[in-house]
Amino acid sequence: MEHNQSDRRFVRIRDPIVSQIRDIVLRLQHLNRVQSPIINRMRQDLAWQFPEVAMTSLNAPLFWGWLAGERKSQRYDKKLINSSGLGLESEVIHSAKAICVLQRRERALEVLMRNLMKDLRFLKYRKVFAQFGFGERTEALILSQIYPLENYFDADGKPEVRVAIGRESGKPTKRHLSRRRFQKALGVAPSREDSGDKKKSKKAGSSLIKMALW
């Protein structure tokens, strides 16, 4: 085994709590993707059934609960009576019920994620995240990708830097390997793609992190 002494050549086993956090983040992203087409279809229907509320935000649980028949609201009752639309149909109501179920699952997962993120080992990471104003889901996603930072260092626990001869310059060049591995984990490490006479670069690494940071 040529690389049996190199831990980096094998699949890294994540910390159990970090694995749970990552699983929750992925499930939350899935729930978002599931809701999007339902909401888009509902908004098209509401545009002629109840246009005054067609663009209501997903962050309005009272509205979606009222539309699903699960919550009462005199405000929306009055709006519906005075609406210029043609009236609600059963398909919209069923879709609203589906949204309520998905949102309840989201809230339950967020509570679990929030409790897991309280682990004292993550405190110094979260202090840095706070400086950038990251939301809870973004914090959790990044943490699940980069924890612990020691994985990016050399055997002595220091940033790994090697000196190599540059392919084009022919001069000694420092290669910051720890930083490059960290950048790749965040989806921002540059990589070369050469094809014939064409030379171009792109950002390698996790697409999930790239989307979250974007």
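The values are calculated or read from the model by the stated rules, or taken from the named source; none is laboratory data. This structure is a prediction, so every number in the text was calculated from the model and none was measured. Here the Cβ is made from the backbone with ideal geometry for all residues, glycine too, and neighbour counts use every protein chain on show.
Residue 95: within 28 Å of the chain's Cα centre (by Cα) and more than 30 Å from residue 174 (Cβ to Cβ), yes or no?
On the way: within 28 Å of the chain's Cα centre (by Cα): yes; more than 30 Å from residue 174 (Cβ to Cβ): yes.
Yes, satisfied.
Of all residues in the range 68-84, count the ones that are among the aliphatic types (A, V, I, L, M), touching a residue at least 12 places away in the same chain (Cβ under 8 Å) and in a helix (DSSP H, G or I). First the steps, then the outcome.
Step one: list which residues in the range 68-84 are among the aliphatic types (A, V, I, L, M), which gives 68, 80-81.
With the extra rule that they be touching a residue at least 12 places away in the same chain (Cβ under 8 Å), the set shrinks to 68, 80.
Filter once more, keeping what is in a helix (DSSP H, G or I): 80.
Looking only at that region, the number is 1.
Conditions tested, residue by residue: (1) of a type in the set (Gly, Ala, Ser); (2) within 30 Å of residue 147 (Cα to Cα); (3) within 21 Å of the chain's Cα centre (by Cα).
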site	(1), (2), (3)
24	no, yes, yes
27	no, yes, yes
42	no, no, no
55	no, no, no
76	no, no, no
85	yes, no, no
101	no, no, yes
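Which pairs have Cβ atoms under 6 Å, sit 6 or more apart or on different chains, and link a residue in the range 96-114 that is assigned by TED's automatic domain parsing to the domain that holds residue 46 and under 12 Å from residue 61 (Cβ atoms) to one that is of a type in the set (Phe, Trp, Tyr) and part of a helix (DSSP H, G or I)?
96/64; 99/64; 100/64
When residues of the range 103-132 are filtered for being in contact with a Leu (Cβ under 9 Å, 6 or more places away or on another chain) and surrounded by 15 or more Cβ atoms within 10 Å (Cβ to Cβ), how many remain?
10
Return the residues of the range 52-100 that are in contact with a Lys or Arg (Cβ under 7 Å, 6 or more places away or on another chain) and aliphatic (A, V, I, L, M); say none if nothing qualifies.
53, 54, 55, 62, 68
Please work out which one of (1) assigned to a strand (DSSP E or B); (2) surrounded by 11 or more Cβ atoms within 10 Å (Cβ to Cβ) is the condition residue 164 fails and give its number.
If we test residue 164 against (1) assigned to a strand (DSSP E or B); (2) surrounded by 11 or more Cβ atoms within 10 Å (Cβ to Cβ), just (2) comes out false.
Consider only pairs whose beta carbons are under 8 Å apart and that are at least six residues apart or on different chains; among these, list those whose first residue lies in the range 174-187 and is closer than 9 Å to residue 152 by Cβ and whose second residue is in a helix (DSSP H, G or I) and among the aliphatic types (A, V, I, L, M).
Qualifying pairs under 8 Å: 182/146; 182/149; 185/146; 185/209.
Could you check the range 18-45 and list, in sequence order, the residues that are touching a residue at least 12 places away in the same chain (Cβ under 8 Å), more than 25 Å from residue 116 (Cα to Cα) and out of contact with any helix residue (DSSP H, G or I) (no Cβ under 6 Å at 6 or more places or on another chain)?
39, 41, 43
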